[in-house]
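Since the structure comes first, as structure tokens, the remarks are kept for the end.
The values are calculated or read from the model by the stated rules, or taken from the named source; none is laboratory data. These numbers come from a predicted model, not from an experiment. Note: ideal-geometry Cβ built from the backbone for every residue, glycine included; neighbour counts use all protein chains shown. SASA here: full protein model, heavy atoms, side chains in, ligands and nucleic acids out. Shrake-Rupley method; radii C 1.70, N 1.55, O 1.52, S 1.80 Å.
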Amino acid sequence: IERGKEGVEEKEQGIILSIKDVNKSFPGVKALDDVSIEIARGIVHGIVGENGAGKSTLMKILSGVYTKDSGTVVFDGEEIEHTTPIESLNRGLSIIYQEFNLVNTMSVGENIFLGRFSEMHGMLGTHAEARKLLDSIGCSIDTHTLVGELSAAEKQMVEITKALSFNSKLIIMDEPSSSLTSDELKQLFEIIGDLRAKGVSIIYISHKLDEIFELCDIVTVMRDGHVIDTQPVGKLTRADMITKMVGRSIEHEYPERPHCVGETLMEVRSINTHKLHDISFELKKGEILGLVGLVGAGRTEIVRAICGADKAKGHRVLIDGKPARIKKPAHAKKLGIGLLPEDRKLQGLVLRFSVQSNIVMASLDRMIKFGFLNSSREKEIAERQIKNLGIKTPSAQTTVLSLSGGNQQKCVVGRWLEINPRILIMDEPTRGIDVGAKYEIYVLMKQVVENGGSIIMISSELPEVLNMSNRVLTICEGRITGEFNPEEVSAQTIMDSAIG
């Protein structure tokens, strides 16, 4: 009864969500330790922290995916003891995950009201109501379009509309901008602003601190399962926030730019596909070459064509001046070319396999003799990379799915570092990774080129490219539109070239 009164009091005071002393443990790990946060009505509340800080665990407890071990959660004046995802939605608490929870083979309208067609009186009502909701956020997507045909930004709009269809009072957004262009991000911010004006609360989780400072009213910093601080955004500097997140002072977000560029290592000549048009460039030994362009410009298609993952017409790749026959990724690997794909979960890792199995994948041919795998050699390689890269894992046998995003990325990096690649292609190497882990990835990149390797880096984060690259190529609509020295030109000049 007392808790019920407490909830009513909070509702009157304008608190939509109260989390008090919440704990959650998994085998060998305490994910949340006496976490307490209050979310006010009609504000954007940012939550930041390194991967593994406990943000996602807390959100999954709120949405009913996990059950808390102890503590209290009061939402809109009602204490929630046990809940399910659908019960949370019906209460008005929605979560939009970084990996969209949509059915690609169904239409936009069907996704918005999935499982509720009878309530909408069939398909006509479903599409009519979906149209009203989309119009309410200024979105013109046809409700009959298949979700699989939409861009990442359009899928984000569908997710927001689906949340609104449940009359959500609180919407949790987990890394909502990870695949958005600057224009799409601006549209997302406008929609969030409209929702805030209508009294909807937003929990905004992001590793991009610029977004936190621009968008949020309040920010909570988490570290190692604890709440470190909650403050109005205006009372924290960027350096303060980073220090609270990582538990130590970081003087610089980027290491000193490496300067060890040598002679030409690889030449790419005339890559042509249905999307790429006469792509030609050179990569120097000891160079970090940055590729900049809007999402969909063709950056990923270029490196996939080089590695033999996608077919291309009539192009040539020369390494050390000699033609290289690359028809499939296995040929690229034999030539010392490694690829960290854009989506580490779908393309870079086998999530149900162990950390050890994921790290040694590129080295298996060295460990198999007479058809048998040398298990002691496999363990030795995995433990060496875990130690060298500081991968935080209970053991080499831990399922890689259970690691944080930064540690998952280090597993993919360690896989290629083990074979000492001459050319390492990194597609969005720090996407979804916290600021502390980002710095560690940058240091690893610097070590690769200082040890004689070369890197091609694709990134949607322009500051990352400008601070780490020796040279930048801009890509627009499948064509190279410019070549720049990032130490000599402005970010605006590079972006002007990238948008054609």
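Summary of values
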| item | result |
| --- | --- |
| Taking the range 264-418 and dividing mean pair separation by its residue count, relative contact order in percent (alpha carbons under 8 Å, at least six apart) | 19 |
| Gap separating the Cα centres of the range 384-426 and the range 40-114, nearest whole Å | 30 |
| Whole-number percent relative contact order across the chain, with pairs defined as alpha carbons under 8 Å at least 6 apart | 15 |
| Rg ratio (alpha-carbon, reference 2.2 N^0.38 Å) - the range 1-159 | 1.21 |
| Peptides 30-40, 156-166 ordered by average Cβ neighbours within 10 Å, highest first | 156-166, 30-40 |
| C-alpha long axis of helix 152-165 to longest principal axis of the chain, angle in ° | 10 |
| Peptide ranges 197-206, 288-297, 132-141, 454-463 listed from the most packed, as the mean C-beta count within 10 angstrom indicates | 288-297, 454-463, 197-206, 132-141 |
| Asp135-His259 FRET efficiency (beta carbon distance; Förster radius 51 Å; 0.05 resolution) | 0.40 |
| Solvent-accessible area per residue for the chain (1.4 angstrom probe, square angstrom) | 45 |
| Two-decimal log10 I(q)/I(0) for the range 124-191, as the Debye equation yields it once each C-alpha is a single scatterer, q = 0.20, 0.25 Å⁻¹ | -0.85, -1.28 |
| R0 of 60 Å, Cβ-Cβ distance Lys20-Leu335: FRET efficiency to nearest 0.05 | 0.55 |
| The range 65-169: equivalent-ellipsoid semi-axes (sqrt of 5 x gyration tensor eigenvalues, Cα, Å) | 27, 15, 12 |
| Candidate residues Glu440, Glu214: accessible-area rank, largest first, probe 1.4 Å | Glu214, Glu440 |
| Relative contact order for the range 37-92, counting Cα pairs under 8 Å that sit 6 or more residues apart, in percent | 25 |
| Point-to-point label distance, Ile86-Arg479, nm (Cα→Cβ direction, 7 Å offset) | 5.3 |
| Whole-angstrom gap from the range 308-362 to the range 158-215, using each part's C-alpha centre | 35 |
| Loop chymotrypsin sites (Phe, Trp or Tyr not before Pro), the range 436-493, which have at most 14 other Cβ atoms in a 10 Å radius of their Cβ (DSSP) | none |
| Rg to Rh, two decimals, where the range 320-383 supplies the alpha carbon set and Rh follows Kirkwood | 1.03 |
| Accessible heavy-atom area order of Phe113, Phe372, Phe26, highest first, probe of 1.4 Å | Phe372, Phe26, Phe113 |
| Kirkwood hydrodynamic radius of the range 87-145, Cα pairs, Å | 12.3 |
| Convex hull per residue volume in Å³, alpha carbons only, for the range 106-261 | 165 |
| Values of log10 I(q)/I(0), in the order q = 0.19, 0.21 Å⁻¹, for the range 391-500 under a Debye, Cα-only, solvent-free model | -1.03, -1.17 |
| Accessible carbon and sulfur surface of the chain relative to its total accessible area, %, 1.4 Å | 49 |
| The range 257-356: GluC sites (Glu not before Pro) in DSSP loop, at most 10 other beta carbons within 10 Å | Glu263 |
| Kirkwood Rh, Cα atoms: Rg over Rh of the chain | 0.98 |
| Approximate spin-label separation His144-Phe372, in nm, with each point projected 7 Å along Cα-to-Cβ | 6.5 |
| Zone residues, the range 415-445, relative to Asp365, backbone N less than 18 Å from point 7 Å out along Cα-to-Cβ | 415-425 |
